[in-house]
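Written below as structure tokens is the structure these notes are about.
The values are calculated or read from the model by the stated rules, or taken from the named source; none is laboratory data. If you're wondering where the values come from, they're calculated on a predicted model, not measured in any experiment. All Cβ positions, even for glycine, are placed from backbone atoms using ideal geometry, and neighbour counts span all protein chains on display.
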Amino acid sequence: MAKERIDTALVNLGFFETREKAKAAIMAGIVYIGNERIDKPGEKVDVSKEIIVKGNIHPYVGRGGLKLEKALKHFALDVSGVVMIDIGASTGGFTDCALQNHAAKVYAVDVGYGQLDWKLRNHPDVIVLERTNFRHLAVDVLTVGSPNFATIDVSFISLKLIFPKLSEILVPESKVVCLIKPQFEAGKELVGKKGIVRDPKVHQQVIEDVISQATQFHLYLEDLTYSPITGGDGNIEFLALFQFRPNQLQNQRISYNNQCTESDDYRCTENMEAETINHIRNYESLIEKTINDAHNQLQS
């Protein structure tokens with residue numbers, strides 16, 4: 001019985017031109033052997049059996065839609081009726097996925113111009129905000145109200161530069177799905193050839209740094225997974241779910257202020273910093289497992 005990785009088999013048998021496209025199809029849930037759906041690109045299968053590809057590998061206008069689709073499923077998120085802001089909309093994969101999952105309105109924000117797919121550009125529930133640097137977003141452009149759900153998929157910029165403005169416009173208790181791209185978060189000395197980050201330790205450092213930065217702006221990690229497909233350059237990426245809880249830090253400050261005198265200010269600040277560290281520690285095992293799973297499934 002000859003066995004090989006399903007993603008490799010799909011390429012060898014001519015279903016797809018590249019393993020990347022094969023992986024996308026597998027993670028989209030359209031690859032079967034007989035009646036059994038295959039959902040792991042690295043799974044070894046009996047290639048003598050019939051391999052079937054059902055349905056459309058491209059259900060969204062951009063491959064980013066597959067990433068948000070996994071986030072919605074993995075995090076059990078219901079976006080029905082939400083007002084969403086899609087930061088780094090590009091062609092609109094995230095926006096398209098959200099609309100197909102019954103989002104009420106979507107602000108599609110991008111610093112570029114002319115990238116958003118035509119069907120979304122003309123969609124009555126999409127507010128197109130092109131040529132817009134999110135860091136300088138004016139509140140008056142949010143014409144259908146403040147968003148209560150956000151997605152972030154940005155390149156050539158760190159997420160830590162997005163969080164300040166995001167914390168100014170979100171409705172309290174909003175959920176935020178962030179695509180963490182290590183190549184844009186790690187220092188240049190930690191990025192390998194062709195801009196690819198392969199070291200799991202760097203991935204861990206990047207994820208922990210993003211969580212720490214997010215916490216400073218009242219965004220608290222709730223869950224974490226990896227993107228079902230790598231970035232266009234081959235980088236492993238991660239999906240983080242945060243919730244915007246602006247009152248949590250305020251309540252901590254009140255609690256510490258009630259306990260501390262002016263002479264204890266330094267100790268109180270230390271206590272609040274410890275809260276952030278503890279928040280990360282609570283997710284250490286999840287971070288480690290997510291990184292290991294990502295490397296097992298996606299690393300070439």
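The table that follows gives values for the structure above.
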read-out	value
Qualifying residues in region 223-246 (those that are surrounded by fewer than 18 Cβ atoms within 10 Å (Cβ to Cβ) and not charged (D, E, K, R)) - the one farthest from Ser174 (Cα to Cα)	Gly234
Those strands (runs of 3 or more DSSP E) lying entirely in region 59-138 with at least 1 residues in the same structural domain as Ile157 (by TED's automatic domain parsing) and among the charged types (D, E, K, R)	83-87, 105-109
Given (1) in a helix (DSSP H, G or I); (2) on the phi > 0 side of the Ramachandran plot, index of the condition Gly234 fails	(1)
Some residue of region 192-204 being closer than 18 Å to Ile87 by Cβ, surrounded by 15 or more Cβ atoms within 10 Å (Cβ to Cβ) and not aliphatic (A, V, I, L, M)	no
Residue check, Ser80 surrounded by 14 or more Cβ atoms within 10 Å (Cβ to Cβ) and among the hydroxyl-bearing types (Ser, Thr, Tyr)	no
Inter-residue pairs, beta-carbon under 9 Å, first modelled with pLDDT under 75 and in region 239-251, second part of a helix (DSSP H, G or I), 6+ apart	Leu249/Thr215; Leu249/Met272; Leu249/Glu275
Region 32-53 residues that are free of Cβ contacts under 8 Å to residues at least 60 places away in the same chain, paired with ones that are surrounded by 13 or more Cβ atoms within 10 Å (Cβ to Cβ) and assigned to a loop (DSSP other than H, G, I, E, B) (beta carbon under 8 Å, 6 or more apart)	Tyr32/Ile38; Arg37/Gly29; Asp39/Gly29; Val45/Ile38; Ile51/Phe15; Val53/Phe15; Val53/Ile30
Matching residues, region 188-228, being in contact with a strand residue (DSSP E or B) (Cβ under 7 Å, 6 or more places away or on another chain) and of a type in the set (A, V, I, L, M, F, W, C)	Val206, Ile207, Val210, Ile211, Ala214, Leu219, Leu221, Leu224
Odd one out for Ser155 among (1) surrounded by fewer than 19 Cβ atoms within 10 Å (Cβ to Cβ); (2) more than 13 Å from the chain's Cα centre (by Cα); (3) under 24 Å from Glu69 (Cβ atoms)	(2)
Verdict on Lys21 being assigned to a helix (DSSP H, G or I) and without any contact (Cβ under 8 Å) to a residue 12 or more places away in the chain	no
Condition check for Tyr220: surrounded by 15 or more Cβ atoms within 10 Å (Cβ to Cβ), among the aromatic types (Phe, Trp, Tyr) and within 12 Å of the chain's Cα centre (by Cα)	no
